[in-house]
Amino acid sequence: MSIYLVLMGAPGAGKGTQAKKLEDELGLPHISTGELFRYNLKNETELGKLAQTYINKGNLVPDNITVAMVRERLTQDDCKNGAILDGFPRNPAQADALEQLLSEFNGEISVVPYIHVDQDYLVERLLKRAEIEGRADDNEETIRARMLVFEEQTQPLLDYYEERGLLVRVDGDQSIDDVAQELFKVVRVKL
Ligand code: ADP
């Protein structure tokens, strides 16, 4: 059976950085919906054009578009043993859609690591990242919108996965390597 990890955390909590470390550690591909969207924006694909206005405002791209993109990615050959999902699901409807997808692939979610960082640090971190990476959606207004989306739409998923015994918490306010070590430890227990 394939193994799927769902990495959760607010914008700026370090999901992308840690997902790459997990990818090396577990040998499973890292799938970031944010990265997939940015690739499509950059290459001006049809999908990119559909998603652009939502992303630039810090809103979620509609579920049908996002789910279709994830489905397509998960059917690729490198995902046959599973994947590390980063940025998906982001609301209850996407969580249901993922469940369905995984049952089609004869897989299930093994663990949901939640990288927790205090809200106050997050905006600061994101503004710093904006200077370094120049991401179009890293301006203060969009950052606040993404935080709100996280609180309103994504946070309920933490309870949902907790109730199912899948959620493990990791303190994200440590050095990158220390977060990674803690993450590997809690993930291993569940695999
Ligand atoms: P963040 O650093 O805010 O977590 P991401 O790189 O994960 O950002 O995502 C950037 C943007 O891409 C989001 O603000 C949203 O517009 C879009 N996006 C990413 N994942 C999803 C998703 N699962 N559903 C809908 N929109 C998404």
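A few notes on this one:
- Estimated from the Cβ-Cβ distance and a Förster radius of 35 angstrom, the FRET efficiency linking residue 44 and residue 106 is about 0.45.
- Each residue of the stretch 43-55 was assigned a 3J(HN,Hα) from its phi angle through the Karplus expression (A = 6.51, B = -1.76, C = 1.60, θ = phi - 60°), giving 8, 6, 6, 4, 4, x, 5, 5, 8, 3, 5, 5, 5 Hz with x at Gly and Pro.
- Per-residue SASA remark: residue 78, around 80 Å² accessible (1.4 Å probe; ligands, DNA and RNA not included).
- Under 5 Å, built H, 5+ apart or other chain: amide partners of residue 87: 7
- In order along the stretch 143-151, the Karplus-derived 3J(HN,Hα) couplings, from 6.51 cos²θ - 1.76 cosθ + 1.60 at θ = phi - 60°, round to 4, 4, 5, 5, 4, 5, 4, 4, 4 Hz, and Gly and Pro are given as x.
- The H on the amide N of residue 30, modeled in the peptide plane, is under 5 Å from the matching H of 84, each at least 5 residues off or on a different chain.
- Taking amide H atoms as placed 1.01 Å from N in the peptide plane, the amide H of residue 10 lies under 5 Å from those of 117, each 5 or more residues away in sequence or on another chain.
- Theoretical gain in end-to-end length, residue 133 to residue 148 [0.36 nm per residue, Cα-Cα removed]: 3.2 nm
- Expressed as a whole percent, the accessible area of the chain that falls on carbon and sulfur atoms is 47 (1.4 Å probe).
- Members of 20/42; 21/42; 57/190; 49/190; 21/49; 57/128 lying beyond 28 Å, as alpha-carbon distances in this model show: 57/190; 49/190; 21/49
- Probe 1.4 Å, accessible area per residue of the stretch 2-190, Å²: 51
- Sorted largest first by accessible area at a 1.4 angstrom probe radius, with every protein chain in place, the residues 150, 105 fall in the order 105, 150.
- Ranked packing of 13-22, 95-104, most packed first, by mean Cβ within 10 Å: 13-22, 95-104
The values are calculated or read from the model by the stated rules, or taken from the named source; none is laboratory data. Model, not experiment: these values are computed from the prediction. So basically every Cβ, Gly included, is an ideal-geometry build from the backbone, and we count neighbours across all protein chains shown. With ligands, DNA and RNA removed, areas are computed over all heavy atoms of the protein, side chains included. Shrake-Rupley method; radii C 1.70, N 1.55, O 1.52, S 1.80 Å.
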